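The values are calculated or read from the model by the stated rules, or taken from the named source; none is laboratory data. Remember, it's a predicted structure, so these values are computed and weren't measured experimentally. Glycine also receives a Cβ, built like all others from the backbone with ideal geometry; neighbour counts cover every protein chain displayed. Heads up: the accessible areas ignore ligands, DNA and RNA and are worked out on the full protein's heavy atoms, side chains in. Shrake-Rupley method; radii C 1.70, N 1.55, O 1.52, S 1.80 Å.
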Amino acid sequence: MIVAPLGVCYGLMMLSMCYIPLAMVFAQPFWLVGMGALCAPILLVCVARRRGRQVARLSVILQCAAIVLLVGALAGPSVWLPQGARAKWLVLNDVSASTRTQQSGDSLPPEITPRLDYIFARGVAPAGREIGADQTDLADALRLAGAQAGELAGVIIRTDGNFTGDYWPAAAASLARDGLPVAIVPLNRPPLDVRIAEFTARRVGGRKVRLRLSVVSNAITESLVEIPGLLKREIKFLPHEPVTISIDAEVPEDRGATFTASLGGDDAFSENDRSTAGVGPVLRRVAVIGSPGKYKPATLGMPADILTPEQFDSPLDNYAAVLLIDDTGGLLSPGQRKNVAGYVRSGGGLVLLGAGPHQSPGDRDDPLNQAAALVPNPYDRKPIELTVALDASGSMGQTAQTASGELMKFDQAAQAVLTLKRHLTDRDTLRVIVFSDRAREVYSSGAGRPDFAKLAAAMGDVKPTGATNVFPALELASKISPSPKRHGLLIIVSDLQTEKFDPPRAAEMLKKATLDLAIVAIAAPSEAPSTEPLETLKTLLDAPLEKRDQLSGLARIFVRFLGDARGGAIRRGQFTIRAKDASPLAGKSTGAYIVSAPHDDADVMLEIGDDALAARRRVGLGRSVSIALAGGDLLGDADMESVLASSVKWAARTAPDLRFDGRVERTGSDAIVSVTAIDSGGAPINMLKLFVRTLLSSGQADTTAMQQTSPGRYAAKFPIERLLSGLDVVDAAGRVVWRGGLRKTYPLEFDAIGPNNANLQRLASLTGGRVVSIDELSELARNAKRAGRLELWYWLAALALAMMLIDWIISRTIRSAVSRT
């Protein structure tokens with residue numbers, strides 16, 4: 001009696017599993033230990049019989065069967081159904097640069113059919129397309145396999161395992177949950193490669209610099225190793241046995257140097273055959289750049305090199321700081337200004353006596369102005385309420401030859417108005433009036449910022465026709481007076497010959513409306529004034545009038561009119577300097593300064609009225625000081641010399657602390673910074689609070705705390721994309737103790753050539769696949785005919801419930817029959 005139910009249940013379980021000829025997979029196999037609950041119904045039967053109660057054998061069998069089915073459902077069983085004809089193999093071929101010459105290896109066996117061929121490197125694409133080969137990013141390829149899992153027989157990945165992304169392990173684990181067969185075929189026949197594993201340079205005292213070069217090969221070979229001027233040697237290599245060379249060089253203490261190591265030979269990867277390393281100066285110097293003979297500093301606290309703009313192309317890294325004297329903003333070329341900004345952001349110091357470019361509002365975005373502490377800003381001080389009146393008469397419909405082809409005169413004028421976008425600030429307003437027989441307003445920004453897209457659409461609808469009647473435009477412009485906070489300016493573009501009007505009346509209207517006038521007259525240039533009404537109006541208002549026989553260069557005229565209306569950036573007179581803190585210049589007078597505004601993160605030190613005169617700020621890894629004096633005012637004054645010296649001292653990059661030595665290494669997509677601190681007696685310096693400061697793509701500095709890993713040793717790890725240039729290691733007081741950068745100068749893809757067996761085995765483990773050879777794929781194809789997975793748990797749960805219901809019905813029926821008898 002007891003054995004029978006167990007036998008029946010065991011037979012049912014085996015029958016249910018053996019009915020499916022393929023392997024069964026359990027998602028949560030630990031639930032199978034619940035099969036021990038089969039003893040419960042049997043024990044209950046024994047207890048019932050001792051008490052004289054009879055239990056039907058069928059009831060016990062049903063209860064045991066329900067337990068078997070319920071436990072099986074909890075274990076999450078599933079089976080693979082036989083493959084249909086539509087299931088395909090997905091073949092993922094690694095075409096990254098590190099697999100060069102290996103993509104055309106052994107062909108896949110004919111059993112791997114039908115199949116989908118894809119390539120992956122920087123992304124994934126169908127075979128035959130072009131993708132970037134400078135990375136081996138497997139994640140997208142694995143996600144593609146997971147997305148198509150229901151239609152695939154299996155996945156074959158051909159790769160060397162040198163993955164550069166961080167997300168492939170998660171994608172591999174996700175693919176494993178889809179249950180697809182995965183075969184990893186290693187690309188294990190790399191071509192010859194000799195690479196520079198490491199190249200460093202560090203000062204070991206005074207002029208002495210020690211270079212350390214490590215070179216490794218993946219095969220027996222010979223290669224020429226060269227450091228120009230220091231080393232040129234043919235070296236024999238054994239596979240994966242690094243050859244390390246140390247050599248000393250001399251570099252003046254007040255200069256930096258960059259060294260280049262290169263390999264000669266005929267290997268397949270020239271990308272990792274070259275590397276650079278550098279050292280900075282120990283003794284600090286300052287570069288002084290200005291017009292020849294403009295300034296010779298008495299003392300700046302460190303030696304100074306007086307440079308002209310033509311000499312300014314020398315490496316700035318040789319200098320701890322740059323003192324630039326320029327109140328025009330145009331002393332340096334755009335490329336030189338960009339170099340100065342990059343120098344500051346990467347850790348250099350800038351003292352700007354004067355200002356960057358300040359011809360138009362767009363100059364505020366100049367790299368030099370963005371790296372300075374103050375930005376020339378006369379524009380917001382005197383916002384403009386600009387009205388432009390354009391002649392839209394029939395004569396403006398005539399075409400003229402321009403650099404971009406033939407254009408109507410009116411379209412040329414309209415394009416010139418649109419170029420004002422760069423020269424108007426958010427506080428300026430703009431109205432555009434067109435006139436012919438009558439005048440109408442086609443655009444107005446109201447009191448807000450001009451919308452040049454709407455303006456372009458409005459002017460595109462204008463069709464030149466009719467006579468040239470300018471007086472209605474003057475009347476319409478005069479109806480709205482500018483606000484007290486804005487300067488009103490009316491620019492008229494018109495044929496010189498217009499319909500007759502009363503110039504005195506027009507002048508009176510413009511004066512009453514407080515509008516300044518500027519005129520561009522389309523006529524042949526002439527010295528002699530004419531009797532045309534516009535010429536008379538110009539004389540009555542003392543307004544500028546520009547005669548042009550063609551409208552090319554009209555945008556430059558508009559900009560000049562705007563600049564004249566605002567006034568220059570330089571204010572002249574007698575002004576008293578006010579200091580926020582103690583300063584030698586407090587209370588002194590100056591005859592000229594540049595109207596400027598501080599950056600949001602700048603610390604203002606000196607002011608004239610409400611205007612900032614001097615400020616300082618941190619810019620990236622460097623520092624910047626701006627002193628907005630103009631015309632060389634106060635140069636040579638003893639107090640000014642003191643201010644310049646203190647500014648240079650604050651901005652200048654610090655000299656390296658020879659107690660600290662460091663290195664930056666690349667590991668995958670991360671950079672690891674390691675620093676060793678040893679005192680003059682050779683003892684480690686412990687318990688320091690050190691931080692790594694790097695430059696982000698936004699131009700801001702980012703700080704990462706370092707951890708002490710052993711006596712005198714500190715380390716930090718961060719994503720390598722944050723290492724745009726160099727980095728600083730600073731102490732708790734913000735003092736730079738070590739400055740460095742990434743040693744390798746070739747892409748991560750070329751760090752290792754040949755199979756990365758650790759990554760290949762990890763990929764196999766995460767996906768539930770195997771590392772196989774090409775020859776093993778045929779057997780894999782025969783044994784892995786899969787197309788989809790059938791989940792069985794809900795069927796088993798339903799059967800368990802049915803068994804319980806049947807047992808309940810039988811029990812109730814038997815009890816009713818017994819009670820009636």
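It is to be established whether one or more residues within the range 128-139 are polar (S, T, N, Q) and either under 30 Å from the mean Cα position of the chain (by Cα) or under 18 Å from P186 (Cα atoms) (or both).
Looking for residues that are polar (S, T, N, Q) and either under 30 Å from the mean Cα position of the chain (by Cα) or under 18 Å from P186 (Cα atoms) (or both), one finds at least one in the range 128-139, hence yes.
Among the residues of the range 493-533, count how many are under 24 Å from E385 (Cα atoms) and modelled with pLDDT of 90 or more.
20
Looking at (1) closer than 19 Å to I814 by Cα; (2) open to solvent by 30 Å² or more (accessible area, probe 1.4 Å), find the lone condition where L62 falls short.
(2)
Listed residues A457, A447, A453; which is under 30 Å from the mean Cα position of the chain (by Cα) and surrounded by fewer than 16 Cβ atoms within 10 Å (Cβ to Cβ)?
Step by step, each of A457, A447, A453 is checked, and only A453 is under 30 Å from the mean Cα position of the chain (by Cα) and surrounded by fewer than 16 Cβ atoms within 10 Å (Cβ to Cβ).
With respect to the numbered conditions (1) in contact (Cβ under 8 Å) with a residue 24 or more places away in the chain; (2) in contact with a helix residue (DSSP H, G or I) (Cβ under 9 Å, 6 or more places away or on another chain), which one is the sole condition not fulfilled by R100?
Every listed condition holds for R100 apart from (2).
Can you name every residue in the range 383-435 that is among the small types (G, A, S), more than 30 Å from D363 (Cα to Cα) and open to solvent by 20 Å² or more (accessible area, probe 1.4 Å)?
Scanning the range 383-435 gives G394, S395, G397, A400.
Taking A521 as meeting all but one of (1) on the phi > 0 side of the Ramachandran plot; (2) touching a residue at least 24 places away in the same chain (Cβ under 8 Å); (3) among the small types (G, A, S), write down the number of the exception.
Answer for A521: the failing condition is (1).
Listed here are the residues, each with its yes/no results for (1) small (G, A, S); (2) within 33 Å of the chain's Cα centre (by Cα).
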| residue | (1), (2) |
| --- | --- |
| T101 | no, yes |
| T113 | no, no |
| G150 | yes, no |
| I157 | no, yes |
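Looking only at the range 499-509, filter to residues that are in contact with a Leu (Cβ under 7 Å, 6 or more places away or on another chain) and surrounded by fewer than 21 Cβ atoms within 10 Å (Cβ to Cβ); which one of those is nearest to Q550 (Cα to Cα)?
If we take residues in the range 499-509 being in contact with a Leu (Cβ under 7 Å, 6 or more places away or on another chain) and surrounded by fewer than 21 Cβ atoms within 10 Å (Cβ to Cβ), then P503 is nearest to Q550 (Cα to Cα).
Can you say whether R189 is in contact (Cβ under 8 Å) with a residue 24 or more places away in the chain, under 30 Å from R255 (Cβ atoms) and of a type outside the set (A, V, I, L, M, F, W, C), as far as the supplied structure shows?
Taking the combined requirement at face value, the residue does not satisfy it.
Suppose we filter G105, G76 for residues that are modelled with pLDDT of 80 or more, over 33 Å from the mean Cα position of the chain (by Cα) and over 12 Å from G154 (Cβ atoms); which single one remains?
G76
Output the residue which, of all residues in the range 627-648 that are at pLDDT 85 or above and of a type in the set (D, E, K, R), is farthest from L324 (Cα to Cα).
In this case the residue turns out to be D639.
Got a number for residues in the range 172-185 being open to solvent by 10 Å² or more (accessible area, probe 1.4 Å) and assigned to a helix (DSSP H, G or I)?
Total satisfying the criteria: 3.
Residue by residue through the range 460-470, note down the ones that are open to solvent by less than 20 Å² (accessible area, probe 1.4 Å) and either under 33 Å from the mean Cα position of the chain (by Cα) or over 22 Å from A507 (Cα atoms) (or both).
V462
Would you please name the residue that is nearest to P383 (Cα to Cα), looking only at residues in the range 431-470 that are assigned to a loop (DSSP other than H, G, I, E, B) and among the aliphatic types (A, V, I, L, M)?
The residue in question is A447.
Condition first: β-branched (V, I, T) and modelled with pLDDT of 70 or more. Can you find one or more residues in the range 34-46 that meet it?
yes
List every residue pair whose Cβ atoms lie under 6 Å apart, where the two residues are 6 or more positions apart in sequence or sit on different chains, the first residue falls within the range 574-594 and is at pLDDT 90 or above, and the second residue, located anywhere, is in a loop (DSSP other than H, G, I, E, B) and of a type in the set (S, T, Y).
Matching pairs, first to second residue: none at all.
Residues R129, R158: which one is assigned to a strand (DSSP E or B) and open to solvent by 20 Å² or more (accessible area, probe 1.4 Å)?
That would be R158, the only listed residue that is assigned to a strand (DSSP E or B) and open to solvent by 20 Å² or more (accessible area, probe 1.4 Å).
Which ones in the range 550-570 are surrounded by fewer than 13 Cβ atoms within 10 Å (Cβ to Cβ) and in contact with a strand residue (DSSP E or B) (Cβ under 7 Å, 6 or more places away or on another chain)?
Of everything in the range 550-570, just one residue is surrounded by fewer than 13 Cβ atoms within 10 Å (Cβ to Cβ) and in contact with a strand residue (DSSP E or B) (Cβ under 7 Å, 6 or more places away or on another chain), namely Q550.
Can you tell me which residues in the range 347-366 are among the polar types (S, T, N, Q) and open to solvent by less than 20 Å² (accessible area, probe 1.4 Å)?
S360
Just need a number here: residues in the range 227-260 that are open to solvent by less than 70 Å² (accessible area, probe 1.4 Å), in contact with a Lys or Arg (Cβ under 7 Å, 6 or more places away or on another chain) and of a type in the set (G, A, S).
Qualifying residue count for the region: 0.
May I ask you to list the residues in the range 188-212 that are open to solvent by 10 Å² or more (accessible area, probe 1.4 Å) and part of a loop (DSSP other than H, G, I, E, B)?
Listed by number, the residues that qualify are N188, R189, P190, P191, L192, G206, R207.
Among the strands (runs of 3 or more DSSP E) contained in the range 612-696, which hold 1 or more residues that are open to solvent by less than 10 Å² (accessible area, probe 1.4 Å) and farther than 20 Å from G740 by Cα?
622-627
Name every residue in the range 297-346 that is closer than 16 Å to R623 by Cα, open to solvent by less than 20 Å² (accessible area, probe 1.4 Å), touching a Ser or Thr at 6+ places or on another chain (Cβ under 9 Å) and not small (G, A, S), in order of residue number.
L323, V344
At least 1 residues that are closer than 30 Å to P191 by Cβ in each: list the strands (runs of 3 or more DSSP E) lying fully within the range 245-350 that qualify.
Ranges flagged: 257-264, 274-279.
Within the range 352-375, which residues are within 16 Å of D426 (Cα to Cα) and assigned to a loop (DSSP other than H, G, I, E, B)?
S360
Mind listing just one residue for me: the one in the range 707-721 that is open to solvent by 50 Å² or more (accessible area, probe 1.4 Å) and either outside any loop (DSSP other than H, G, I, E, B) or at pLDDT below 85 (or both) and, of those, farthest from M687 (Cα to Cα)?
It comes out as E721.
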